[in-house]
1. I want to confirm something. Restricting to the stretch 17-40 and keeping residues that are among the hydroxyl-bearing types (Ser, Thr, Tyr) and at pLDDT 85 or above, which single residue is surrounded by the fewest Cβ atoms within 10 Å (Cβ to Cβ)?
2. Would you confirm, using the coordinates I've provided, whether ALA98 is at pLDDT below 85, touching a Phe, Trp or Tyr at 6+ places or on another chain (Cβ under 7 Å) and in a loop (DSSP other than H, G, I, E, B)?
3. Only residues that are surrounded by fewer than 16 Cβ atoms within 10 Å (Cβ to Cβ), in a strand (DSSP E or B) and β-branched (Val, Ile, Thr): list them for the stretch 199-230, please.
4. Could you look through the stretch 211-230, keep only residues that are among the charged types (D, E, K, R) and touching a residue at least 12 places away in the same chain (Cβ under 8 Å), and pick out the one that is farthest from LEU180 (Cα to Cα)?
5. Out of the stretch 135-158, which residues are surrounded by 15 or more Cβ atoms within 10 Å (Cβ to Cβ), in contact with a strand residue (DSSP E or B) (Cβ under 7 Å, 6 or more places away or on another chain) and under 26 Å from ALA105 (Cα atoms)?
6. Quick one: which residue in ARG82, ARG56, ARG43, ARG62 is at pLDDT below 85 and at positive phi?
Amino acid sequence: MLTRKQYELLQYIEGHVKKRGVSPSFDEMKDALGLKSKSGIHRLITGLEERGFIRRLPHRARALEILRLPENMTADTKPEPRFSPSIIQGGYDDAPGAREDDGDAVDLPLYGKIAAGQPIEALRNPTETYSVPASLLGPGDHYALRVEGDSMIEAGILDGDIAVIEFANNAENGAIVVALVDDEEVTLKRLRRKNNSIALEPANPAHETRIFGPDRVAIQGRLRAIIRQY
């Protein structure tokens, strides 16, 4: 099932490719959907790719291949960048809790790099920001960190990703957190507590779980979202 924005973008891409023989640019998609930021397009493209509707062709600019269309969208559908929801009834997930990109973006402070491998010191640069779709954020304050390393790849977190973090000094067992170790190392790992020990668990068998006493680890945030650029 697709959100309304995902459906609208897929319809626009299909019409653009059919008419011009090439997929639209991110700026063209942003303008067609009336979004304020290309980060919203990145998120919609990723959602369509994860659901098997499109795929990105490697080593080619502006190369998107449509793999399939929703049942109520045919190849003869006329591309309408903006359309009435009645056209797509049943073609997207409009259930309670389904989220769409409303076009709004929030500039979060980008606090440098965070290790998803061996811990490294966070490089704080309060003058740098990163634009994030507002729909990714919940209540509370947030910041962004750039991931470096490969220890969380099986959790879908890759080197170069942007991690959107909610400020927090505590987290539930099993949550992916920003952890400060010994007041000098910062890392992104899954939190495990057992008795009086804290384990920082990777999501890559090539890396080892590190175990500390509770006085050595301070939680500095919970992972809220991951943003990936292509």
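The values are calculated or read from the model by the stated rules, or taken from the named source; none is laboratory data. The shown structure was predicted, so the numbers you read here are calculated from the model rather than taken from an experiment. Heads up, the Cβs are rebuilt from the backbone with ideal geometry, glycines too, and the neighbour counts pull from every protein chain shown.
1. Narrowing the stretch 17-40 to residues among the hydroxyl-bearing types (Ser, Thr, Tyr): 23, 25, 37, 39.
If we keep only those that are at pLDDT 85 or above as well, we get 23, 25.
On the way: SER23: 23, SER25: 14.
In this case the residue turns out to be SER25.
2. Details: at pLDDT below 85: yes; touching a Phe, Trp or Tyr at 6+ places or on another chain (Cβ under 7 Å): no; in a loop (DSSP other than H, G, I, E, B): yes.
Answer is no for this residue.
3. Of everything in the stretch 199-230, just one residue is surrounded by fewer than 16 Cβ atoms within 10 Å (Cβ to Cβ), in a strand (DSSP E or B) and β-branched (Val, Ile, Thr), namely ILE211.
4. Initially, the stretch 211-230 is screened for residues among the charged types (D, E, K, R), giving 215-216, 222, 224, 228.
With the extra rule that they be touching a residue at least 12 places away in the same chain (Cβ under 8 Å), the set shrinks to 216, 222, 224, 228.
Values: ARG216: 8, ARG222: 12, ARG224: 17, ARG228: 24 Å.
Filtering first and then ranking leaves ARG228.
5. LEU136, LEU137, HIS142, TYR143, ALA144, LEU145, ARG146, VAL147, GLU148, ALA155, ILE157
6. Exactly one of ARG82, ARG56, ARG43, ARG62 is at pLDDT below 85 and at positive phi, namely ARG62.
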